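Here's the structure, in structure tokens; my notes come after.
Coordinate-derived values only; no laboratory data. Please read these numbers as outputs of a predicted model, since none were measured by experiment. Glycine also receives a Cβ, built like all others from the backbone with ideal geometry; neighbour counts cover every protein chain displayed.
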Amino acid sequence: MKSRIGIIGKGNVGTILKGGLELAGYQVRAVGNEPKAVVETAKWAELIILAVPFKALDDAVKEMGESANGKPLVDVTNLYSPEMLAAVGSKSGAEVLQEKSQKSKVVKAFNTHFAKNMARGHIGNEQLTFFVAGDDKDAKAKTLELGKDLGFDPVDAGPLSNAKLLEALGNLNIQLGYALGLGADIGFRLVRAKTPP
Ligand SMILES: NC(=O)c1ccc[n+]([C@@H]2O[C@H](COP(=O)([O-])OP(=O)(O)OC[C@H]3O[C@@H](n4cnc5c(N)ncnc54)[C@H](OP(=O)(O)O)[C@@H]3O)[C@@H](O)[C@H]2O)c1
């Protein structure tokens, strides 16, 4: 039986992920900036995806309250401005989120891809890599499974402190796609000589 997925935020990322996860057989609820619905969705969910802008993280965490306790909390946020980066200092945004939501199990995932590529895990026939960083073994395993079910090649990217690296990779993706003009039909793939079991 697949986990019930609650997505906080139903913009580009929330909407695409809801569609993709439903196709993959998950039960999914996605909510926007409606505090009552946020807490209900977080309570109902077994795994929560936080798909809100960086500046809304504080509010979203407060709205979810204790409903996120003990659950995987998947952080898709990218920190792409000097102000956002200054707000977290030497830490990653995901580690700062873990400090704000101490009883949830924060993992970093999805942020290295553009929303339009998140539901299939592929661009054309090319499979994309799904990096997941986190400290909780079970939360990481469930998130890796979710990426696999969406069609990605899942790769354990280590502890939550490595989220800093994934956030940098997310920024490189944004730079390549927008500032350097490659567009959003791009994505990262880790090439391995051996296919994992
Ligand atoms: N777009 C991409 O390609 C992409 C790729 C990788 C990572 N990301 C990251 O994913 C996150 C979402 O990006 P997006 O493009 O989906 O943004 P978006 O289209 O602007 O959607 C943001 C969503 O967050 C909701 N929201 C705002 N404040 C909230 C609150 N306090 N509680 C609950 N929901 C709240 C908004 O609700 P309302 O509509 O009701 O205001 C909206 O549904 C960002 O952190 C971004 O850095 C985006």
Fill in: Helix-only CD estimate at 222 nm, as mean residue ellipticity for the chain, using -39500 (n - 2.57) per DSSP H run (n ≥ 4)
-10500 deg cm²/dmol
Worksheet item: With charges set only on the Cβ (+1 for Lys and Arg, -1 for Asp and Glu), what does the dipole of the stretch 4-179 come to about its Cα centre, in debye to the nearest 20?
Response: 200
Item to complete: Determine the principal axes of the Cα atoms in the chain, then give the extent along each, sorted from largest to smallest and rounded to whole angstroms.
Response: 43, 41, 28
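Distance check, please: which entries in Lys10/Lys140; Lys43/Lys164; Lys103/Lys148; Lys108/Lys148; Lys43/Lys103; Lys2/Lys164 exceed 21 angstrom between their Cα atoms?
Pairs exceeding 21 Å: Lys10/Lys140; Lys43/Lys164; Lys103/Lys148; Lys2/Lys164.
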Response to the item:
Once amide hydrogens are built 1.01 Å from N within the peptide plane, the residues lying 5 or more places from Asp135 or on another chain with amide H under 5 Å from its amide H are Leu160
